[in-house]
Amino acid sequence: MDRTTTLTDPARQPGHHAALEARAFRAYRRGDLAVAEQALADLKKLPSQRLTPMLSVAQAVCLGQPDAAWDRLDRAVADGVQPQTDLELTLAFELADATDHHDDAARWSEALLLRMPTLNATRVFFRNVASSNQGVSKARLLHIIEAGGALPVFGRRVCSLAYMNELSHTDAAALLDVLAARGLLDDKAKRKRRKLVQSLQVGARENAIRIERAENPEGVLLKFSGLGPPRSTDIPAGSALGELTNWTKIVLYDPEVLSFMDGIEQLGRGFDATLARLAAMLDELGPRGGPRVITTASIGGLGGLQYAARLKVDRVIAFSPVTVAHPDVLHQLGDRRAPSRFERARRKFADAPWKLDAKQALEAAETLPDIRVIYGKDRTIDARHAERLRGISGVTLHPLGGVDKHYSSHFLRQAGLYSDVLNGEYSGLDQTDWASLQDSAPSR
């Protein structure tokens, strides 16, 4: 048997044995010990059959032994047995998550990608790299491309690393140029590449703040953006904010991806100076007596909620916000997105740990504006972040039933409720069949 192929490949084993092994593996993955053990017992009745490495890994996971499972997986990889099927790849990534072995997982998933470039191998490699402490380099990705390990989807993943500040925009653009020259960019990657190039032309640091003034504004809106580079000096008419035609809009972007907790250099050095300048801007640009609204989303939610607790505004709309950036708390929540970025934040704010937790700021505030937190009820990580704020006076949670996507603001636009919510009308949130809009939502 070729030891570089998975030992659960049905094409390389008798049909009955392969079927029993697959049944046991799936049962172990979903935690159904009874079914798994019965399949395993049936396997052992067959002549000359033994527990294969990946099945042994799944068994240890099911029995609540993640460290033993990782040791088995590591030995299997060292022996040339790579996880390949969807189930095996998913299990391997989850196991790296559970045992904090992303550096090792990134190493062997890279070897797998070079040997057998598939969509799943690409996905697992980039997820491990983004979650590892070593990060990723241009040279490492270029080596994979030149060695023939890149599929068209590779370019999308490169863009995602740039948006998360795990890879410089300049390096990402250079890698995308190489992929384009080799004909390895799909349509989605081409669109992302155009946006990335636009952001380099605009200059992320110079364009960290954008203002669109209305002649006779009905209100003023301050947006703390999530991930993604600014693409122009204008707010697109087709964007969600473009629907507010008679509002003055202030849009902030944090090129450091520290959720604005280190301030915005154009507004003032540090959090306090930025806070003071934003307070003055709301007074200068907002209509007298008109509504002042803050919106924030995703990673921008951490800083957006911190500023909201200290600014004089009427209401705050937070879409699927990250509410804490302390690595230990994130680990408890099961949130393992880009840990290197949050570890960097912990080191940077070692003397001001309050900057890592929006909950503390909201609880400490004497008074709060009307804060609405909108998120997908079935998006586990987003729900856990939101639930941390339950019970704080002035904070209301709005879980969207049947939604398991991160971009909750998209659903409001699809339902025609975005402007209503910004204007303080929330009844539609409880009267909409959100699950019916899932198919039209972005994949995340």
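Numbers for the structure displayed
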item: Restricting region 363-378 to residues that are more than 15 Å from Leu412 (Cβ to Cβ) and not small (Gly, Ala, Ser), the residue that is surrounded by the fewest Cβ atoms within 10 Å (Cβ to Cβ); result: Glu366
item: Qualifying residue in region 288-300 (condition: free of Cβ contacts under 8 Å to residues at least 12 places away in the same chain and not hydrophobic (A, V, I, L, M, F, W, C)); result: yes
item: Extreme residue, modelled with the lowest pLDDT, among residues of region 183-208 that are over 17 Å from Cys159 (Cα atoms) and of a type outside the set (A, V, I, L, M, F, W, C); result: Arg205
item: Checking Ala273 against (1) of a type in the set (Gly, Ala, Ser); (2) modelled with pLDDT under 70; (3) exposed (fewer than 15 other Cβ atoms within 10 Å of the Cβ), the condition it does not meet; result: (2)
item: Pick from region 209-229, criterion at pLDDT 80 or above and outside any strand (DSSP E or B), ranking: nearest to Gly155 (Cα to Cα); result: Ser225
item: Leading residue by the ranking (surrounded by the most Cβ atoms within 10 Å (Cβ to Cβ)) among those in region 313-332 that are assigned to a loop (DSSP other than H, G, I, E, B) and at negative phi; result: Pro321
item: Check on Glu110, modelled with pLDDT of 75 or more, over 26 Å from Gly226 (Cβ atoms) and not assigned by TED's automatic domain parsing to the domain that holds Gly334; result: yes
item: Residue check, Glu387 surrounded by 15 or more Cβ atoms within 10 Å (Cβ to Cβ) and more than 19 Å from the chain's Cα centre (by Cα); result: no
item: Number of the condition not met by Asp283 [criteria: (1) in a helix (DSSP H, G or I); (2) over 22 Å from Asn216 (Cβ atoms)]; result: (2)
item: Matching residues in region 245-259 - criterion: being within 24 Å of the chain's Cα centre (by Cα) and outside any loop (DSSP other than H, G, I, E, B); result: Val251, Leu252
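The values are calculated or read from the model by the stated rules, or taken from the named source; none is laboratory data. Predicted model only: the values in this text are computed from it and were never measured. Positions of Cβ are generated from backbone atoms using ideal geometry, with glycine treated the same way; all protein chains shown enter the neighbour counts.
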